[in-house]
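K.L.:
First, the structure itself, so that you have it in front of you.
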Amino acid sequence: MMMNNVVKSSQLAAIFSEFNAIIHSDITNRLCRKRTQDFTRNRNMNFYSLIYYFIFRNRTTTNAELSHFYYSIDRLEKRISKQALNKAIRKLNPNVFSYLINRFSAIYYASSLPKKYRGYFLIAEDATYMEIPYNVYNIYDFHFVENQHIIDMFDVKKVQSKAGGLYDVLNGLFIDFSLRPAPYSELPLAFSHLYRSQSIFKGKNVIYLADRYYGSAEIISHLECIDYHYIIRGKSNFYKKQVALMKSDDEWIEVEIDEKWRRRFRFSPEAMELRENNPVMKIRVIKRRIEYINNHGEACQKELIFFTNLGEEFSAQEIIELYTYRWDIEVSYKTLKTGQEIERHISSDGDVARNDIYAKVLFHNIAGIMRKELNRSLEMKESNRQYVVNIAQLHEIIHDVNILLSMINGKKRQLKKKIEQIEKMLDKIKVPVRPNRHYQRWGRVMISPSSYRFRLDGRNNPKVRRYKSVLMTISP
């Protein structure tokens, strides 16, 4: 087993070394520039140093970050001023990070490290909002969602960007990631990710996992065109006539996509052509009913619907369990926002804010593939309990062992030693996982409210409210 771990350390080091070569390449240099004269001279903060600065940024102030960065790369005497940094970061084109995220994914999937489920890659799509520094220029740049409270730009109190990612739930990295204006729809984001990642998964088995907003006929048709399988949670009003005719909780339905329906297809010419030639769309529909207690302490029942094109070799229960893997992308967004503080920006400039976010996603990918390999090492150890790596502690250790120095200098052997050093600390950063755990967080009756805000593990104690003469926990 030790030999197996050493080989994986070598493979991770090779991936990071190859990625470093791409960062140093002429293509990256050209993509970095907003103007042709930018990043043409080798300064103390050149283009690749600036990229690494954004990726490994983890301090709370700019001056502290500058000192830490130059100390990490063993060039403390070359430290630039805060003013020089502010001038340099405004030159960096955010498109370079989109390119680097895509190239990192391509390098990783060209290796033998990616893990599969029964021969399938499990990829999940989801979107969220990212907060952007508030100013008039950013309101104009990122726009805003109009509602009863926001009529024009003068009503905007918080600037946001619509962010979306295609995430590999088994391997811990964002295959693709995009930032768009706040009113941007989730569907065009999903199509752009599918198109850009298509070359990576060409000829491979893929299961696409998505929430209720992705069950449109166009995206299902497009997934059929590129030979992807899918598991999508359905909305109650999707294909409701066909679903209402089901006689069991697991059936195939047929939906005819007529010309009027096809005219609503906007993003995929392939889907349009498929439905012109074959207007009948076949979907396997699985229903499940769940019981839960709401915030008022009342017992409720809800029906969940899942759309898929997986065959009978996958049972209904297995398909539902596979869908639960999608939750890992939600956890990743939470990690980015709380653990990595992706919304803590170093400038009010909109492009710098984009660089902040994209770079944090890249760091999340670097740490993510390491985390999955370390989790695999924990699985291989004989134990009565299941363990996984604590994400927050892993991020701290990656900074503490200074992988940055080995990456920026392209030292593959040093990178391998750093990864092995982290692996030796595995037993110190693991946390237990309790299988089939059910802990009712909300709707629990409490004798008395907590007298302090935080628990001993640093988490918040749940909020409570009075209900029928008792105190009951409520969701935050």
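The values are calculated or read from the model by the stated rules, or taken from the named source; none is laboratory data. Small disclaimer: the values here were computed from a predicted structure and weren't measured. Heads up, the Cβs are rebuilt from the backbone with ideal geometry, glycines too, and the neighbour counts pull from every protein chain shown.
K.L.:
For region 294-336, give me the residue count where each residue is within 15 Å of H364 (Cβ to Cβ) and surrounded by fewer than 17 Cβ atoms within 10 Å (Cβ to Cβ). Step through it out loud before you land on a result.
P.N.:
Initial filter on region 294-336 (within 15 Å of H364 (Cβ to Cβ)): 328-336.
Retained after the next criterion (residues that are surrounded by fewer than 17 Cβ atoms within 10 Å (Cβ to Cβ)): 330-331, 334.
Number of matching residues: 3.
K.L.:
What about I357, is it of a type outside the set (D, E, K, R), crowded, with 22+ Cβ neighbours inside 10 Å and part of a helix (DSSP H, G or I)?
P.N.:
Values: of a type outside the set (D, E, K, R): yes; crowded, with 22+ Cβ neighbours inside 10 Å: yes; part of a helix (DSSP H, G or I): yes.
Criteria met by I357.
K.L.:
Further, regarding this structure: Here is a check on your reading of the model: is R376 within 19 Å of the chain's Cα centre (by Cα) and part of a helix (DSSP H, G or I)? Lay out the reasoning, then the answer.
P.N.:
On the way: within 19 Å of the chain's Cα centre (by Cα): no; part of a helix (DSSP H, G or I): yes.
Taking the combined requirement at face value, the residue does not satisfy it.
K.L.:
Please specify each residue of region 221-242 satisfying the condition of being of a type in the set (A, V, I, L, M, F, W, C) and in contact with a strand residue (DSSP E or B) (Cβ under 6 Å, 6 or more places away or on another chain).
P.N.:
Within region 221-242, L223, I231, I232 qualify.
K.L.:
Tally time: how many residues in region 198-234 are in a loop (DSSP other than H, G, I, E, B) and exposed (fewer than 15 other Cβ atoms within 10 Å of the Cβ)? Walk me through how you get there before you give the answer.
P.N.:
Restricting attention to region 198-234, the residues satisfying the condition of being in a loop (DSSP other than H, G, I, E, B) are 198-205, 211, 215-216, 226-228.
Keeping just the survivors that are exposed (fewer than 15 other Cβ atoms within 10 Å of the Cβ) gives 198-199, 202-205, 227.
Of the residues in region 198-234, 7 are in a loop (DSSP other than H, G, I, E, B) and exposed (fewer than 15 other Cβ atoms within 10 Å of the Cβ).
K.L.:
Then there's this: If I filter region 371-391 for residues that are closer than 30 Å to L179 by Cα and surrounded by fewer than 18 Cβ atoms within 10 Å (Cβ to Cβ), do I get at least one hit?
P.N.:
Checked against the condition, which is being closer than 30 Å to L179 by Cα and surrounded by fewer than 18 Cβ atoms within 10 Å (Cβ to Cβ), region 371-391 yields at least one hit.
K.L.:
Still on this structure, please answer the following. Is it the case that region 239-254 has a residue that's farther than 19 Å from I320 by Cα and hydrophobic (A, V, I, L, M, F, W, C)?
P.N.:
Checked region 239-254: at least one residue is farther than 19 Å from I320 by Cα and hydrophobic (A, V, I, L, M, F, W, C).
K.L.:
Would you point out which residue out of A190, A182 is of a type outside the set (S, T, N, Q) and either modelled with pLDDT of 95 or more or buried (at least 22 other Cβ atoms within 10 Å of the Cβ) (or both)?
P.N.:
On the way: A182 fails: either modelled with pLDDT of 95 or more or buried (at least 22 other Cβ atoms within 10 Å of the Cβ) (or both).
Testing whether each residue is of a type outside the set (S, T, N, Q) and either modelled with pLDDT of 95 or more or buried (at least 22 other Cβ atoms within 10 Å of the Cβ) (or both) leaves just A190.
K.L.:
A further question follows. Which number in (1) modelled with pLDDT under 90; (2) surrounded by fewer than 18 Cβ atoms within 10 Å (Cβ to Cβ) marks the one condition that E396 misses?
P.N.:
E396 satisfies all of (1) modelled with pLDDT under 90; (2) surrounded by fewer than 18 Cβ atoms within 10 Å (Cβ to Cβ) except (1).
K.L.:
Hey, does region 258-270 have a residue that's within 30 Å of the chain's Cα centre (by Cα), assigned by TED's automatic domain parsing to the domain that holds Y323 and assigned to a helix (DSSP H, G or I)? Step through it out loud before you land on a result.
P.N.:
To start, the set of residues in region 258-270 that are within 30 Å of the chain's Cα centre (by Cα) comprises 264-270.
Still in the list and also assigned by TED's automatic domain parsing to the domain that holds Y323: 264-270.
When the remaining residues are screened for being assigned to a helix (DSSP H, G or I), the result is 269-270.
Yes, because at least one residue in region 258-270 is within 30 Å of the chain's Cα centre (by Cα), assigned by TED's automatic domain parsing to the domain that holds Y323 and assigned to a helix (DSSP H, G or I).
K.L.:
Between a residue in region 306-330 that is touching a residue at least 40 places away in the same chain (Cβ under 8 Å) and farther than 18 Å from I283 by Cα and any residue that is part of a loop (DSSP other than H, G, I, E, B) and among the charged types (D, E, K, R), which pairs come within a Cβ distance under 8 Å, given they are 6 or more apart or on different chains?
P.N.:
R326/D211
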